[in-house]
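First up is the structure itself, then whatever we jot down about it.
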Amino acid sequence: MRPLSLAERGVVQSTVSLAILLGGARPAIGGTCPLRLEDYAREVVAGGFPALRHLQDRVRKVALDGYLERVVDRDVPEAGQSIRRPDTLRRWLTAYAAATGTTATFETIRDAATGGSANKPAKTTVMTYRDVLERIWILDPVEAWLPTRNHLRTLTAAPRHHLADPALAARLLGVDADGLLQGQAGQPAIPRDGTLLGKLFESLVTLGVRVAAEAVGARVRHLRTTEGRREVDLIVVRDDHRILAIEVKVAQSVGDEDVRHLRWLAEKIGDDLLDAVVVTTGREAYRRADGITVVPAAALGP
């Protein structure tokens, strides 16, 4: 069971249904959302753990820190993996948090975790970290979409990195809502496009899309070409292999530049694209003249 999505938190009433978008009828889109960028930053750090959401900020930070300590000190060993150096695992988790929303290689994450030290954990150790943390639902990566029905032949198979809740990433990086808004990047540095807030906002949206998609038996993937020229943040795949494509933008408004990858994908796969969506921090839900849906993150529900 995943943490609460934005829709499940009851922050606002959602007006756009992911299930209906997956139906392919391209419905009329409308509604408004009162949330602003600072509200989304607070939701990122508040997290979706029901027992922690309404705690005071300081108490919630302590609780999240305690949860992460338990993961390293108890949950991983109880999952059958002995950890000789818990501090190394903690640093690796922090580096993974910094890689949220990227397809950074595990070598890059390992190097960021060890700060250039010659005494790096072996690749097999890193893969063990990844495997056990996925088994206990701390890491929740989005796998790559590798379609078989069309001519997209140059897609990467690398996963897009996410923790189970973006609040965990924020705590590992030691950044609060104000820090996200002020552009404090957190350490260690991982190459990424855009800000840390943008990537953690994407992770928050990804959580909600996954919850809604699983409710209707769909799978969530991402798309990235091998040279990195084309990316779509989320690909929701029905059993008949037709898809809903979603871009996540921390901006409040959407221009033609923001939808260029969605337009490219529509040209490539035609009728296999059920609908295309841009999720934003803006106020209005609407359908653009080119048919692409724009929806505030909190307005997107199941």
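The values are calculated or read from the model by the stated rules, or taken from the named source; none is laboratory data. Every value quoted in this text rests on a predicted model; they were computed, and no experiment measured them. For neighbour counting, all protein chains shown are included, and Cβ atoms are generated from backbone atoms with ideal geometry for every residue, glycine included.
Filter region 1-16 down to residues that are touching a strand residue (DSSP E or B) at 6+ places or on another chain (Cβ under 6 Å) and surrounded by fewer than 17 Cβ atoms within 10 Å (Cβ to Cβ), then give me how many there are. Selection size over region 1-16: 0.
Take V59 and decide whether it is assigned to a helix (DSSP H, G or I), free of Cβ contacts under 8 Å to residues at least 60 places away in the same chain and out of contact with any Leu (no Cβ under 6 Å at 6 or more places or on another chain). Spell out how you get there, then give the answer.
Details: assigned to a helix (DSSP H, G or I): yes; free of Cβ contacts under 8 Å to residues at least 60 places away in the same chain: yes; out of contact with any Leu (no Cβ under 6 Å at 6 or more places or on another chain): yes.
Judged against the criteria, V59 is a match.
The strands (runs of 3 or more DSSP E) falling completely within region 193-302 that include 3 or more residues that are over 22 Å from Y40 (Cβ atoms) and in contact with a strand residue (DSSP E or B) (Cβ under 9 Å, 6 or more places away or on another chain) map to 219-224, 273-280. Every condition in (1) assigned to a helix (DSSP H, G or I); (2) more than 20 Å from L180 (Cβ to Cβ); (3) at pLDDT below 95; (4) not charged (D, E, K, R) holds for G116 except the one numbered (1). If the condition is being out of contact with any helix residue (DSSP H, G or I) (no Cβ under 9 Å at 6 or more places or on another chain) and of a type in the set (A, V, I, L, M, F, W, C), then region 34-60 contributes only V59. Taking the listed residues R84, R42, R70, the one that is at pLDDT 95 or above, loosely packed, with under 13 Cβ neighbours inside 10 Å and of a type in the set (D, E, K, R) is R70, with no other qualifying. Restricting region 87-107 to residues that are assigned to a helix (DSSP H, G or I) and either polar (S, T, N, Q) or in contact with a Cys (Cβ under 8 Å, 6 or more places away or on another chain) (or both) leaves a set whose member that is surrounded by the fewest Cβ atoms within 10 Å (Cβ to Cβ) is T88. Taking region 193-242 as the range and being surrounded by 19 or more Cβ atoms within 10 Å (Cβ to Cβ) and among the acidic types (D, E) as the test, the residues that pass are E202, D233.
Only one entry of R84, R110, R70 meets the criterion of being out of contact with any helix residue (DSSP H, G or I) (no Cβ under 7 Å at 6 or more places or on another chain), farther than 30 Å from H241 by Cβ, assigned to a helix (DSSP H, G or I) and of a type in the set (K, R), and that entry is R70. Taking first residues from region 280-302 that are of a type in the set (K, R) and partners that are part of a helix (DSSP H, G or I), the Cβ contacts under 9 Å between residues at least 6 apart in sequence or on separate chains come to R288/V259.
Among the residues of this structure, T156 counts as one that is of a type outside the set (D, E, K, R), in contact with a Ser or Thr (Cβ under 9 Å, 6 or more places away or on another chain) and surrounded by fewer than 21 Cβ atoms within 10 Å (Cβ to Cβ). Would a scan of region 253-268 turn up a residue that is within 21 Å of L200 (Cα to Cα) and in contact with a Gly (Cβ under 8 Å, 6 or more places away or on another chain)? Yes - at least one qualifying residue is present in region 253-268. Among the criteria (1) closer than 30 Å to A7 by Cα; (2) without any contact (Cβ under 8 Å) to a residue 40 or more places away in the chain, the one L200 does not fulfil is (2).
For region 108-133, the set of residues classified as of a type in the set (K, R) and surrounded by 15 or more Cβ atoms within 10 Å (Cβ to Cβ) consists of R110, K120, R130, listed by residue number.
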